1. Would you please list the contacts, defined by Cβ atoms under 7 Å and residues six or more apart or on different chains, that run from a residue in region 41-70 that is at pLDDT 90 or above to a residue that is assigned to a helix (DSSP H, G or I)?
2. Got a number for residues in region 75-97 being loosely packed, with under 10 Cβ neighbours inside 10 Å and of a type outside the set (A, V, I, L, M)?
Amino acid sequence: MTALAHLPLGFQMSVPMLGLSFFVGLILFFFLLGRLSPGDGSDLVDWDPGRRADAKRILEHEDVDQMLETANRRRRAQGLPELKPDEVLQGLRRDRG
């Protein structure tokens, strides 16, 4: 025996319809929210792919600087000459090309 067995048949049939209509209403709400809000969706979620690319480029540059500094510290400890950024780039181009 189900929990809804004591309810009239009309109400038992309307429970799934209530859930479906709630789901459709929720989808409709978000659709209208996106359509009627000023700007575009990226404003709502504070998303800016250009800013993300700039931040990524800055972080990669800082990573390369840190790696070069670490390599130079190790080379100084071994008595070897330091690497310059131009030398590293030339080596990368030579390895890739």
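The values are calculated or read from the model by the stated rules, or taken from the named source; none is laboratory data. Worth saying up front: this structure is predicted, and the values here are computed from it rather than measured. Note that each Cβ is placed from the backbone with ideal geometry, even for glycine, and that neighbours are counted across all protein chains shown.
1. As it stands, the answer is Leu68/Pro85; Leu68/Val88, since those pairs meet every condition given.
2. The qualifying residues number 9.
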